[in-house]
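Nothing in this text is a laboratory measurement; each read-out follows from the coordinates by a stated rule. What you see is a predicted model; the values in this text were computed from it and never measured. Don't worry about glycine lacking a Cβ; one is built from the backbone with ideal geometry, like all the others, and counts go over all protein chains shown.
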Amino acid sequence: QIEEYEKECDRYSSMHTREDQEMDARLHALSNNLIQMQAELESLATEKAALQMGLETTQRMVAELEANSKDDRRYFTADAEPDVESGDSQAKARRRSQVFLRLSSYFGVEYAHYITTFLANADRFSMTACNLLYRYSLARVGLAVYFTVIQFWVLFLLHYLGAYSGSSNSAQIHVTR
């Protein structure tokens, strides 16, 4: 059986002509070309996905910046929304825009934006603190006690440090021999 198999292989190899060898070589070259193109396609798909993620992130950041700038523009222009608590929202908006224009003439637009944002945040904080003190009487008492304790502490420090500096009229120790 082995001898028959060897004869069959010899006969098959002799039948394998030059055209078959060329076809095999071409098939091998096309297979390699296909593998290279598939790898290139995968790398392009990965790059496209990365660029799409970057684009989505950038679009999200632009949308947030636009929303923030709209809020800032609405706060500092005459087109501000009416404030229910204050009667005259137009006058308030005019004052805000005048403050912004004055600050931008002194410091430039960029720094004026930072300053007005800081002032708006400080105003918001002070209004919250005032509302808290208005609503809770215990908070008012606590704040009064805190200020009183701070005053006495400062007076104590001034008296104590004044006794050692020799600049006050407090009693001084004289050493006699």
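Model label points for MET23 and TYR106, set 7 angstrom from Cα along the Cα-to-Cβ axis, are 9.1 nm apart. Computed from label points 7 Å out along Cα-Cβ, the spacing between GLU4 and TYR146 is 10.6 nm.
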